[in-house]
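One structure is given below, encoded as structure tokens.
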Amino acid sequence: MKLTQKHFQLFRAECEKNLDLLGLKSWKVYYQFKPLKDAFGNAQWSYSGRVATITLATDFPKPFDNLEQQIKETALHECLEILLSPLSSLAQDRTFDQVDFNKEVHSIIRTLERVVGE
């Protein structure tokens, strides 16, 4: 199913809402709307620079009962990947530091406490 610019604008708006909700305001986020193989969306990031690119696929593999809801869920998923990116980056670092890891875990916990507690 081909998506339109209207779908992409919904996706961007949902991402902005989620990034704000998750307190990820220090990130510089770019958006793309292009073909993706076997994915609705994709998030790529540079943790050290706090720069991310969030991509929405130009077409989804099948029609959905509620395409708008699927787009919103995809936006949330990609934003949650950015939230967890510090852990992903530390896990891949050869100079892994337990203190930094624990700091990032607790940062995510504080974010979730704030969001879930609302």
Asp59 versus Asp38: modelled label distance in nm, points set 7 Å from Cα along the beta carbon direction: 1.8
Unsatisfied cross-links (Cα-Cα over 18 Å) in the set Lys6/Lys34; Lys17/Lys72; Lys2/Lys28: Lys2/Lys28
Förster radius 41 Å - calculated FRET efficiency between Lys17 and Asp93, Cβ distance, rounded to 0.05: 0.85
Residue-wise HN-Hα coupling along the range 45-59, computed from phi with Karplus coefficients 6.51, -1.76, 1.60 (Hz; x: Gly, Pro): 8, 10, 4, 4, x, 6, 10, 9, 10, 10, 10, 9, 5, 6, 8
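Over the chain, give the accessible area per residue in Å² for a 1.4 Å probe, as an integer.
Details: 7480 Å² over 118 residues.
Here the residues of the chain average 63 Å² of exposed surface.
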Candidate values (1) 1.03; (2) 1.22; (3) 1.14, label of the one derived for Cα Rg over 2.2 N^0.38 Å: (3)
³J(HN,Hα), Karplus 6.51/-1.76/1.60, whole Hz, each residue of the range 12-29, x for Gly, Pro: 4, 4, 5, 4, 4, 4, 5, 4, 5, 4, 7, x, 9, 6, 7, 8, 9, 10
Derived scalar couplings ³J(HN,Hα) [the range 100-109; Karplus, 6.51 cos²θ - 1.76 cosθ + 1.60; whole Hz; x for Gly, Pro]: 5, 4, 4, 4, 5, 4, 6, 5, 5, 4
Sequence ranges 82-88, 104-110, ranked by mean other-Cβ count within 10 angstrom, highest first: 82-88, 104-110
Amide hydrogen neighbours beyond the local backbone of Gln32, cut-off 5 Å, H modeled: Ile54, Thr55, Leu56
Pair Val51, Thr111: separation of 7 Å Cα→Cβ label points (nm): 2.0
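Which percent, nearest 5, of DSSP beta bridges in the chain are antiparallel? Numbers along the way, then the final one.
Details: 7 of 14 bridges.
Bridges in the chain that DSSP calls antiparallel: roughly 50 percent.
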Selected from Phe40, Phe101, Phe11 as most flexible by GNM, with the chain as the system and alpha-carbon contacts under 10 Å: Phe101
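The values are calculated or read from the model by the stated rules, or taken from the named source; none is laboratory data. Remember, it's a predicted structure, so these values are computed and weren't measured experimentally. Please note: Cβ atoms are built from the backbone with ideal geometry, for glycine as well, and neighbour counts cover all protein chains shown. Only protein heavy atoms, including side chains, enter the accessible area calculation; ligands, DNA and RNA are left aside. Shrake-Rupley method; radii C 1.70, N 1.55, O 1.52, S 1.80 Å.
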